[in-house]
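The structure appears right after this line, and notes come after that.
The values are calculated or read from the model by the stated rules, or taken from the named source; none is laboratory data. Nothing here was measured: the structure is a model prediction, and the numbers come from that model. The protein model used for the area step is the full one, side chains on, heavy atoms only, and it has no ligands, DNA or RNA in it. Shrake-Rupley method; radii C 1.70, N 1.55, O 1.52, S 1.80 Å.
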Amino acid sequence: MYYYEKIVTCEPLILTKKQIEDIFLYFDQIYTVNQAFLDDLQKYKIDNKLTLLVGEAFMRFIPYLRVYQ
């Protein structure tokens, strides 16, 4: 978010609007998936189950990791 806000609000723009859209096209989806994955891992760590359930977390998030393609 930090870089996106800086790039969009700087004067004069250092990138065209098209370039900004291309770079940050799936940014919101990637951020949301990463945050949800991190939340799960942190919950498992607090519950002292991280080593047991890390594979389960990856399996659950595999369909959402396609956004990285």
The ³J(HN,Hα) series, computed from each phi in region 18-28 with the Karplus coefficients 6.51, -1.76 and 1.60 at θ = phi - 60°, rounded to the nearest Hz and given as x for glycine or proline, is 4, 5, 5, 4, 5, 5, 9, 3, 10, 4, 4
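On average, how much accessible surface per residue is there in the chain, in Å², for a 1.4 Å probe, leaving out ligands, DNA and RNA?
That works out to 87 Å² per residue.
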For the chain, treating each Cα as an identical point scatterer without solvent, what Debye log10 I(q)/I(0) comes out at q = 0.15 1/Å? -0.63
With a 1.4 angstrom probe the carbon and sulfur portion of accessible area for the chain, in percent, totals 61
